[in-house]
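S.K.: Shown below is the structure under consideration.
The values are calculated or read from the model by the stated rules, or taken from the named source; none is laboratory data. Since the structure is predicted, the reported quantities are computational estimates derived from the model, not experimental observations. We place every Cβ from the backbone using ideal geometry, glycine too, and count neighbours over all the protein chains shown. We work out accessible area using only protein heavy atoms, side chains counted, and drop any ligands, DNA or RNA first. Shrake-Rupley method; radii C 1.70, N 1.55, O 1.52, S 1.80 Å.
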Amino acid sequence: MGNGLNNLDHLECDTFDEWLGSPLGRYVVSREQAIYDRVLPDLFGFYALQMGAASMPLLTTSRVTHKFTLAWDTNASLLAEPDQLPFSENQFDVIVLPHTLEFQALPHEVLREAFRILRPEGRLLMTGFNPYSLYGVKRYFGRERSGPWAGEFISLSRAKDWLTLLGFDIVDGQLDCYNVPAKSEATLQRLDKLEYAGEHWWPFAGGVYFLHAVKRVAGVRLLKPNWARAPRRKRVAVAVPTRGNPDPSIQENNEVEMK
């Protein structure tokens, strides 16, 4: 295991998006994509927003009608600062934060902005690196200060506290990426059995955590449309004598609405 941590392939990645193209980055992407692909198809709405990691298109399997990707240092469909979003309140149905908080000076403000632009009962999906894992060990004791190691890892308990204080209800979550944070793809493949072992023997030490939260607003209750057809009013024909007609046998039919 120690050889995996020290195995260098001389690949330097300055940004997190560049690091996602490395062997370890592709491993993390594949594990996280599987998590998002499990959750996103069951979420519906009109607008979905992914904030950060533009090179990782997580919304591919989403059934939301309009999907956007926001970034601040790479090419994306939208460019803006994540703690000052140019959107109105209650605009998005789904928001995805892939390791967004770890590279922001004000991560709590980023969550506050996400809460503001998310509609009531909207869904927030986020992933982060677990500081109490081999990834955290590499981050705090390693020499690298580029890619993910330049970020500030936020613990799972703190992320839950922030979400709860803002008004989110956490409905799902899991930890993943139990393999060693090795640079070599061969090492990752050789030690892939650690995934099964980690899930059963040290589930709290996954390198990545995932959280699924719902925005709750006090006093707001969404009403579902009543698709049942309203009962049709019955109409009957009755004979009404024609005013001014000397012959009472000559009558005209008028429809009278019966409620």
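Here's the yes/no breakdown for (1) open to solvent by 50 Å² or more (accessible area, probe 1.4 Å); (2) assigned to a helix (DSSP H, G or I); (3) out of contact with any strand residue (DSSP E or B) (no Cβ under 9 Å at 6 or more places or on another chain):
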residue	(1), (2), (3)
Ala48	no, no, no
Leu59	no, yes, no
Val64	no, no, no
Leu125	no, no, no
Arg143	yes, no, yes
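S.K.: For the list (1) open to solvent by 30 Å² or more (accessible area, probe 1.4 Å); (2) part of a strand (DSSP E or B); (3) of a type in the set (Asp, Glu), I need the number of the one condition that Asp93 fails.
M.R.: All conditions pass for Asp93, except number (1).
S.K.: So which of Glu113, Glu81, Glu102, Glu109 ends up being touching a residue at least 12 places away in the same chain (Cβ under 8 Å) and surrounded by fewer than 16 Cβ atoms within 10 Å (Cβ to Cβ)?
M.R.: Every option except Glu109 fails the conditions.
S.K.: Here's something else I'd like to know. Within the range 16-37, track down each residue that is of a type in the set (D, E, K, R) and over 15 Å from Pro57 (Cβ atoms).
M.R.: Glu18, Arg31
S.K.: Still on this structure: Keeping to the range 171-192, report how many residues are crowded, with 19+ Cβ neighbours inside 10 Å, part of a helix (DSSP H, G or I) and among the aliphatic types (A, V, I, L, M).
M.R.: Number satisfying all stated conditions: 1.
S.K.: Follow-up. Of the residues in the range 145-170, how many are outside any strand (DSSP E or B), under 30 Å from Asn90 (Cβ atoms) and of a type in the set (D, E, K, R)?
M.R.: 4
S.K.: Checking Phe44 against (1) aromatic (Phe, Trp, Tyr); (2) open to solvent by 10 Å² or more (accessible area, probe 1.4 Å); (3) in contact with a helix residue (DSSP H, G or I) (Cβ under 7 Å, 6 or more places away or on another chain), which single condition isn't satisfied?
M.R.: Result: Phe44 passes all but (3).
S.K.: Let me ask you something else. Kindly evaluate Glu195 against the criterion of being at pLDDT below 90, surrounded by 13 or more Cβ atoms within 10 Å (Cβ to Cβ), out of contact with any helix residue (DSSP H, G or I) (no Cβ under 9 Å at 6 or more places or on another chain) and under 25 Å from Val96 (Cα atoms).
M.R.: Taking the combined requirement at face value, the residue does not satisfy it.
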